[in-house]
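Reviewing the structure listed below.
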Amino acid sequence: MSAGRDPVIAAEADGAWIAVIQKMDETYAELVTQQVALEEKNAALEEAQAFIAGVMASMTDVLIACDLNGRIEQVNLAAERIFGPRQRSLTECRVADLLADSSPTSFADVLAAVERRQRITDREFTFLTADGELPVSVNGAVRFDSRGRSVGIVLVGRPIGELRQAYSDLAAAHERLKQAQQQLVHSEKMASLGRLVAGVAHELNNPISFVYGNAHTLKRYSGRLTAYLDAVHRGADDTRLAKLRAELKIDTTLANIEGTLDGMLEGAERVRDIVADLRRFSADRREARETFDLAALVRSALDWVTKAQMPEIETRFDVPEGLHAVGHPGHIHQVLMNLVQNAVDAIECQPTRRLEIEGRRGEDDVMLIIRDTGPGIAPEISSRIFDPFFTTKPVGKGTGLGLSISYRIVQEHGGALSAANHPQGGAVMTLTLPAAQKD
Ligand SMILES: Nc1ncnc2c1ncn2[C@@H]1O[C@H](COP(=O)(O)OP(=O)(O)OP(=O)(O)O)[C@@H](O)[C@H]1O
Ligand SMILES: [Mg+2]
């Protein structure tokens, strides 16, 4: 201790210094704590910013944030990519500068929506990009500050060029499919017509050759009769006439004339009936429902398909006459032609080629059961045979429409068409139709 200092004053001064130093220590410690807290907050903020920047950068949609005057404040990477390198950075532009004159939505429209407190939903904008005009579908909303005041607008857009392209590709594919379907339906119609024509031609061939043959016979007869009458007119004597009569077989000729004419008439009538049948089957009067005989219809379908394609086929026909159903006979004839055609196709390469057709009359309906000796319907395709365009036949032989069209026709008649396999092999098709009301 120095000689000049008052010990009391010196002690007070020391105490004050210690208090100051303590206070400084405390303040410093507080500063350090605050610094640590600040650094932690900074780190968290940086992390949050990096996260937001990462999200914005990985967004494939274009994001533009602007103030209420349309001045751009921030954009994401997708926007920078779309708009490309520019003289001025995007944040120096206004949204309106990025829009083409032809844009269906203007920035004024956006502002009007904002004023009405509406969101922008799927509005089409046309942006001026590095690659020219780009249609973009935009959604947007107002951006608020921390005190809830509206301060700007956020717009998010997705180029619709790709969507449009995908849509137009889809529409084009659909159109191609429709055309292919129409063509197939058309070729199915042509194929049925071809089968019908082959059947009809075969049916007509018989009576026509009958008429033709008889006409030739009559021509021969007329030659003989003319020669005989010439002799009569020339005044030939009885002996000469008797000889001529025997030579020209005048008696046989006279006896045969009637039969020959009857044959011709029968042939002509058959031709007339076939034509009448054909007229009836081809008449497409949807609304006209009539009572018809299923037995006659199936017999005709069987004749027309088998006679032209497989005359040697064995058929068992057990259908009672007068199996009357109601509907459109032309359409049901088409169904029966399809069923018989399928059966004929199925037995084509089989050692036994037999078709069994059975008819049954129920209380309210009539039923036709068509069984063939083909391979039957494989279980893996049984659920698909009524699908349009399902076929197991080679191209050009089947379109796969036969059963689907038949199914629809039968349904429209209020009937049913089903397929099964016979326990002894071969397919069994069952057609049920509403029976005609008994008078
Ligand atoms: N009687 C049958 N026996 C065996 N398989 C059959 C029989 N009937 C139909 N099918 C099967 O069902 C498929 C579909 O028949 P569908 O009549 O709809 O078409 P398609 O006969 O192939 O062609 P389309 O009738 O248009 O000429 C046939 O390809 C065949 O595989
Ligand atoms: Mg068929």
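The values are calculated or read from the model by the stated rules, or taken from the named source; none is laboratory data. All figures in this text were calculated on a predicted structure; none of them were measured in a lab. Note that each Cβ is placed from the backbone with ideal geometry, even for glycine, and that neighbours are counted across all protein chains shown.
Values as computed for the structure displayed
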| read-out | value |
| --- | --- |
| Segment 395-439, subset surrounded by 14 or more Cβ atoms within 10 Å (Cβ to Cβ) and of a type in the set (Val, Ile, Thr), residue farthest from ligand 1 (Cβ to nearest atom) | Thr432 |
| Unique match (being part of a loop (DSSP other than H, G, I, E, B), modelled with pLDDT of 90 or more, in the same structural domain as Pro85 (by TED's automatic domain parsing) and not small (Gly, Ala, Ser)) among Arg147, Arg123, Arg143 | Arg147 |
| Residues of segment 38-70 that turn out to be crowded, with 16+ Cβ neighbours inside 10 Å and either part of a helix (DSSP H, G or I) or free of Cβ contacts under 8 Å to residues at least 24 places away in the same chain (or both), as a count | 1 |
| Any chance Glu73 is outside any loop (DSSP other than H, G, I, E, B), within 51 Å of the chain's Cα centre (by Cα), charged (D, E, K, R) and modelled with pLDDT of 90 or more | yes |
| Residue tally, condition in contact with a Ser or Thr (Cβ under 8 Å, 6 or more places away or on another chain) and free of Cβ contacts under 8 Å to residues at least 24 places away in the same chain, over segment 370-385 | 1 |
| Candidate set: segment 360-379, residues that are within 11 Å of ligand 1 (Cβ to nearest atom) and farther than 20 Å from Leu196 by Cα; chosen: the one surrounded by the fewest Cβ atoms within 10 Å (Cβ to Cβ) | Ala378 |
| Selection within segment 126-140 - of a type in the set (S, T, N, Q) and either touching a strand residue (DSSP E or B) at 6+ places or on another chain (Cβ under 8 Å) or not assigned by TED's automatic domain parsing to the domain that holds Ile82 (or both) | Thr126, Ser137, Asn139 |
| Options Gln350, Gln341; residue that is farther than 30 Å from Gln181 by Cα and within 12 Å of ligand 1 (Cβ to nearest atom) | Gln350 |
| Number of the exception - Gln22 against (1) outside the structural domain of Gly152 (by TED's automatic domain parsing); (2) under 30 Å from Arg158 (Cβ atoms) | (2) |
| Scan of segment 307-320 for residues that are away from ligand 1 (no atom under 14 Å from the Cβ) and modelled with pLDDT of 85 or more, ordered by number | Glu312, Glu314, Thr315, Arg316, Phe317, Asp318, Val319, Pro320 |
| In segment 302-331, the residues that are of a type in the set (Val, Ile, Thr) and more than 20 Å from Ala276 (Cβ to Cβ) | Thr306, Ile313, Thr315, Val319, Val326 |
| Test set (1) surrounded by fewer than 19 Cβ atoms within 10 Å (Cβ to Cβ); (2) within 28 Å of Gly327 (Cα to Cα) - Leu355 fails condition number | (1) |
| Only one of Leu170, Leu204, Leu196 that is in contact with a Phe, Trp or Tyr (Cβ under 8 Å, 6 or more places away or on another chain) and either in the same structural domain as Arg272 (by TED's automatic domain parsing) or in contact (Cβ under 8 Å) with a residue 60 or more places away in the chain (or both) | Leu196 |
| Candidate set from segment 299-337 (those that are in contact with a Lys or Arg (Cβ under 8 Å, 6 or more places away or on another chain) and part of a strand (DSSP E or B)); member that is surrounded by the most Cβ atoms within 10 Å (Cβ to Cβ) | Gly327 |
| Residue match in segment 188-199 (condition: within 30 Å of Gly267 (Cα to Cα), away from ligand 2 (no atom under 16 Å from the Cβ) and not in a strand (DSSP E or B)) | yes |
| Criterion violated by Arg176 - all others in (1) surrounded by 12 or more Cβ atoms within 10 Å (Cβ to Cβ); (2) within 60 Å of the chain's Cα centre (by Cα); (3) among the charged types (D, E, K, R) satisfied | (1) |
